[in-house]
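Heads up, the thing below is written out as structure tokens.
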Amino acid sequence: MWTWFHKLASPPHFYRLAKALSPWFLVPGLALIAYGTFTGLFIAPPDYQQGDAYRIIYVHVPSAYLSQMAYTVMAIAGGIGLIWRMKLSHAVAAAVAPLGAWFTFLSLATGSIWGRPMWGTWWEWGDPRMMSQLILLFLYLGYMALRASIDDTAKADKASAVLALVGVINLVIVRYSVEWWSSLHQGQTILAEGGPAIDAEMLYPLLANILGFALVFGSLLLRRVRTEVLYRERRTRWVREMILSPQGQT
Amino acid sequence: MKPRQQRMLAVGLALAGLAIATALTLRAFQDNMMFFIDISDVVAGEYPEARNFRIGGLVVDDSIEREPDSLEIRFRVTDTRCELPVSYTGVLPDLFREGQGVVAIGRLDDSETFVADRILAKHDENYMAPEVAEMLAKHAEGKAAMAARGTAECNPT
Amino acid sequence: MEAIAMDKYGAYVWSCFALTFVVYAINEWRARARHRRIYRDIEVRVKALETRP
């Protein structure tokens, strides 16, 4: 088992594997998003309270989930890198941060656009859910700034991994903010106690979009890690040989 | 101890310490993190006097009164135990209606009426088609639950 | 037409979906552009070293 794991984590092997795997994430992902978005926009019934405005859920919830998932990946990869000194895991952490930041931005922006017609406000300072999600964005930006400010890659890896692990606390706060405190934001829908609090016709396109976004995210991440590996290994022999070989892989 | 185990221990201890520190901080700031104050607490006099604050609750059924020839509206808000009269002048969010969750930002006047500068609407985590909601509303259990909610007593202490 | 109007919430709903698509397109483009740039930089350096006598 461990030999398999070490082979996967070896940079040249991962470099080839990531390229081969990426379309297997991207194509089904885009297909699911096409189904989920079309069904969510045009087939699913309107909501009894919010009418058609609730359809923003089909992009808001997947981006919010991914903003959390990306951070989890970043923190776990950072932790593995710190403890086991695995090179690949630091590359994963470095590659996932900008994706996480983009999805966090997207969740904040779509939430804001949804809040205007429904709640009557674009943004409320002091709301625990909104503030903790904004802090998540700042954590991502701080993480990327910290990496960019340290020239030595090994040092940057360690320092940023510590920051990522410290910030895990905020993930817990985002998740439970609507339960621990009063908030303008409603509670969990899909993970509500006693099953999803949403009609099946509305739920299936939402699940399709969540899975679709996750697969597309996976494809983007595979390719970003691949680039990061290439950059980090730029002075190694396997990279030189790959570039000079006649059938040279890009 | 191997160096790897030492690193594991260091990371673990740092995380545990951080978790405890955060838990304590959150406990200390519990009240400040609340986005709004419950009606019962307002009725009991637990609210900041010197500044605007937010209250949250449900708009009481049949309590909405509109002043003729103005945008002023009066209604009562409940947390299912205590009620508070609210007055507001301005545009209301689309979701504002009787039985709906609302957040009002403002302060109490001398007659214990909450004068709101802004009204925000809250919605719950349930999503359903209008027909389903209608069916549910007719359901006897729903009515029983509503009745039970209405009988809870307001005991501001 | 009714489906596009989304009650009166068309502007909000469509801008959210458009924004999401734009963010995806940016990420797709950035991932590809960064890979191309880094690969080319390494290629130039490796080949320069190779042809030096």
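Bear in mind these aren't lab numbers, they're just calculated from the coordinates by the rules spelled out. On a predicted model such as this, the values are computed, not experimentally measured, just so you know. Neighbour counts run over all protein chains shown; Cβ positions are idealised from the backbone, glycine included.
Tabulated data for the structure shown
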| quantity | calculated |
| --- | --- |
| Of the trypsin sites (Lys or Arg not before Pro) in the range A:175-250, those whose Cβ has at most 16 other Cβ within 10 Å and which sit in DSSP loop | A:Arg234, A:Arg235 |
| Alpha-carbon gyration tensor eigenvalues x 5, square-rooted, for the range A:172-249, Å | 45, 18, 7 |
| Dipole moment magnitude, nearest 20 debye, the range A:39-139 about Cα centre, only Lys, Arg, Asp, Glu C-beta charged | 400 |
| Long pairs among B:Lys122/C:Lys8; A:Lys155/C:Lys47; A:Lys19/A:Lys87, criterion Cα-Cα beyond 28 Å | A:Lys155/C:Lys47 |
| Förster radius 56 Å - calculated FRET efficiency between A:Arg16 and C:Lys8 (Cβ-Cβ, nearest 0.05) | 0.60 |
| Unit charges at the beta carbon, dipole of the range A:1-147: most positive-side option, A:Pro12, A:Gly81, A:Pro45 | A:Pro12 |
| Estimated distance in nm for a label pair at C:Ala18 and B:Arg4, the labels positioned 7 Å out from Cα along Cα-to-Cβ | 5.3 |
| Between the range A:227-250 and chain C, the Cα center-to-center distance that results, in Å | 23 |
| Kirkwood-based shape ratio for the protein assembly as shown, expressed as Rg/Rh from alpha carbons | 1.05 |
| Charge-dipole axis of the protein assembly as shown as Lys and Arg at +1 and Asp and Glu at -1 on Cβ define it, positive-most pick from A:Tyr71, A:Ser183, C:Ala31 | C:Ala31 |
| Simple label model, 7 Å out from Cα along Cβ direction - A:Trp180 to B:Glu98, nm | 3.9 |
| Convex hull of Cα atoms in the range B:1-95, direction-averaged projection (nm²) | 10.9 |
| Peptide A:190-196 - average C-beta neighbours from other chains (10 Å radius) | 1 |
| Spin-label pair C:Ile26/B:Leu71, simplified geometry with 7 Å Cα→Cβ offset, distance in nm | 3.4 |
| Peptide-level mean, for A:49-62, of C-beta atoms on other protein chains within 10 Å | 6 |
| Cα-centre dipole for the range B:35-149 with unit charges at Cβ (Lys and Arg positive, Asp and Glu negative), debye to 20 | 200 |
| DSSP bridge orientation in the protein assembly as shown - percent antiparallel, rounded to nearest 5 | 80 |
| Cα-based equivalent ellipsoid, the range A:106-250: semi-axes from gyration tensor eigenvalues, Å | 39, 22, 13 |
| Cα-based Rg and Dmax for the range B:46-111, where Dmax is the largest Cα-Cα distance (Å) | 12.0, 35 |
| Cα centre as origin, Lys/Arg/Asp/Glu Cβ charges: the protein assembly as shown dipole, Debye | 4520 |
| Largest to smallest principal axis extent of the C-alpha atoms in chain A, angstrom | 63, 36, 32 |
| Histogram of C-alpha separations across chain C, 10 Å bin width, % | 20, 23, 18, 15, 11, 8, 4, 0 |
| For the range A:83-152: span of alpha carbons on each principal axis (Å, largest first) | 49, 20, 17 |
| A:Ile43/C:Ala48 FRET efficiency (R0 41 Å; Cβ-Cβ; nearest 0.05) | 0.10 |
